[in-house]
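Structure first, commentary second.
The values are calculated or read from the model by the stated rules, or taken from the named source; none is laboratory data. This structure is a prediction, so every number in the text was calculated from the model and none was measured. Here the Cβ is made from the backbone with ideal geometry for all residues, glycine too, and neighbour counts use every protein chain on show.
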C-alpha cells in the first residue's frame, strides 16, 4: 500500500496543477463573462427598442387632431422608417376610441392595463406567428363635444433585437476564445512566478558545501515559512546525528584499540617468561590472533572514519611531504624487526585535502608494503610534485599480485597468494576512497623488479 502511495507516476506536478487550476478558473470566468455580456446586450437592445418604440407611439398619438367630423390621424412615415432602421421588422398599429377599433389591426393584443396618460405602457405578446414588442399610449380627446379615451397601440417584431443579441454574443465568444488562448501562457508565467521562490530556495541549498549545516536564513514568502522551519529542524537533527557519529567513532577506536594492545602486551610478556613449549605455542597463536584482530579493528574504524570525513569533506592546506616522513618514522620499528630496508625520495609537496584521511591512506600503503615485503627485503617511498599533480609511490619486493588489481580494491577482497598473512581486505579500499574524495586516483600494478607498486595521484595546491 505504501509503495502505491509513493509511486512517482501518481505524483502530480505542482506546476501542472497550478496551470490547470488557473485555466479552470479562467474558463469559469470566461463563461460567466459570456453570460453576463449576453444578458447585458439583451437588456441594452431591449431598452433601445423600447425607447424608439415609445417615441414612435407618442409621436403618432400627438399627431391625432379633433375635427368636426371626428378625428384626423396623420401617420408619420418617418416614424415607421425609424422603427424599420433596426432591421427587417414587421410593424402593426391600432387606433381605438372608447375601446372600439377605428383603424389598424383590430385583433392586435390589447395592453394588460389601459394607459391613462401619455406615458407608454410596454408589453410583449404573440401575434400572427411572431413575438411582438408593443407600446400603448392613451389620451382624452374631445370628439363630437364629448371627452372620449383614445388609445394608440404600436407593435413591432424583435428581429433586430435578436440580431443585435446574436452579434454581441458572437463578439463575446470571440473575445472569450482569445482570452482562453491568452490564458495558457499567462498560466505558465503565473506558475513560474509562484514556483520561483521554491527554486531559489533549492538553489541556495544546492550551493552549500557538505559541512555547511547552518540554519537557512534565506528570505522566503510567508507561505514557505513552514517548509523553511521544517528544513532547519532537519538540519539541526542531522548536525546532532553527525556529531554523535563522530563521537562514537573516536570513542569506539579508543575502547577497542587500548584493550587489545594491553592483552597483546601481556601475551608477549608471558611468552617471553615461559619455557614450556606447549604454552609458548598457545601464546604465539594468541599473539597472532590478537594482532590480526587489532589490525582488523583498526582498519574497520579507519574505514568508518574515512566515510564520515568524506561526507563532511573540508579541504585545507596539507604538507604531504611531512606526512610521508611521519609515516616512515611510524613504521620504522616494525621494518627493523623484520630486517626490511626502507628508502625514500620525498620532494616538497603541498596539496589541498583532509590531513586525517591522507594520514590513514599513507599508513595503509606503508603497512601493506611492510606486511607483504620479502623477509630482509626492501620498501621504497617516492613523492613527486609536478604539473599540478602529486604522485606518491610505495613499492615493495614481495610476492606481487596474483589477481586483477581492479578486484583487489573492493571491500574485504584479498589476493589468492596472501592467505598466510593476516589482513581484513579493507586497506586498499580505504586508499581508493581517500583518492576519490580528493579528486585523485589510485593504481595498483606489478613492480618493475617484482613485488607490488601502489601509486596515489592527487591534485597539488
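Structure above, values below:
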{"item": "Out of 451, 415, 427, sole residue that is closer than 21 Å to residue 354 by Cβ, crowded, with 20+ Cβ neighbours inside 10 Å and modelled with pLDDT under 90", "result": "427"}
{"item": "Cross-chain or 6+ apart pairs with Cβ under 7 Å, the range 443-455 first and at negative phi and in the same structural domain as residue 391 (by TED's automatic domain parsing), then in a strand (DSSP E or B) and surrounded by fewer than 17 Cβ atoms within 10 Å (Cβ to Cβ)", "result": "452/446; 453/445; 453/446; 455/443"}
{"item": "Residue ID - surrounded by the most Cβ atoms within 10 Å (Cβ to Cβ), chosen from residues in the range 70-83 that are free of Cβ contacts under 8 Å to residues at least 12 places away in the same chain and closer than 18 Å to residue 150 by Cα", "result": "72"}
{"item": "Where a residue in the range 97-125 is touching a residue at least 12 places away in the same chain (Cβ under 8 Å) and its partner, wherever it lies, is in a loop (DSSP other than H, G, I, E, B), with Cβ under 7 Å and at least six apart", "result": "121/111; 121/113; 121/115; 123/111; 123/112; 125/109"}
{"item": "Count - residues of the range 328-375 that are under 54 Å from the mean Cα position of the chain (by Cα) and assigned to a loop (DSSP other than H, G, I, E, B)", "result": "4"}
{"item": "Residue ID - surrounded by the fewest Cβ atoms within 10 Å (Cβ to Cβ), chosen from residues in the range 329-349 that are more than 14 Å from residue 377 (Cβ to Cβ) and touching a strand residue (DSSP E or B) at 6+ places or on another chain (Cβ under 6 Å)", "result": "345"}
{"item": "Output for the range 104-116, where each listed residue is surrounded by fewer than 14 Cβ atoms within 10 Å (Cβ to Cβ) and either in contact with a strand residue (DSSP E or B) (Cβ under 7 Å, 6 or more places away or on another chain) or outside the structural domain of residue 154 (by TED's automatic domain parsing) (or both)", "result": "106, 112, 113, 114, 116"}
{"item": "Any hit, the range 308-318, residues being surrounded by 18 or more Cβ atoms within 10 Å (Cβ to Cβ), touching a helix residue (DSSP H, G or I) at 6+ places or on another chain (Cβ under 7 Å) and closer than 23 Å to residue 385 by Cα", "result": "yes"}
{"item": "Residue check, residue 284 under 28 Å from residue 439 (Cα atoms) and out of contact with any helix residue (DSSP H, G or I) (no Cβ under 6 Å at 6 or more places or on another chain)", "result": "no"}
{"item": "Filtered residue count, the range 156-198, keeping only those that are crowded, with 18+ Cβ neighbours inside 10 Å, touching a strand residue (DSSP E or B) at 6+ places or on another chain (Cβ under 9 Å) and either outside the structural domain of residue 30 (by TED's automatic domain parsing) or assigned to a helix (DSSP H, G or I) (or both)", "result": "1"}
{"item": "Hey, residue 198 under 24 Å from the mean Cα position of the chain (by Cα) and within 30 Å of residue 356 (Cα to Cα) or not", "result": "no"}
{"item": "Any hit, the range 53-69, residues being loosely packed, with under 12 Cβ neighbours inside 10 Å and modelled with pLDDT of 80 or more", "result": "yes"}
{"item": "Count - residues of the range 261-277 that are surrounded by 11 or more Cβ atoms within 10 Å (Cβ to Cβ) and farther than 15 Å from residue 293 by Cβ", "result": "4"}
{"item": "Filtered residues of the range 123-155 (kept if farther than 19 Å from residue 101 by Cβ and buried (at least 17 other Cβ atoms within 10 Å of the Cβ))", "result": "133"}
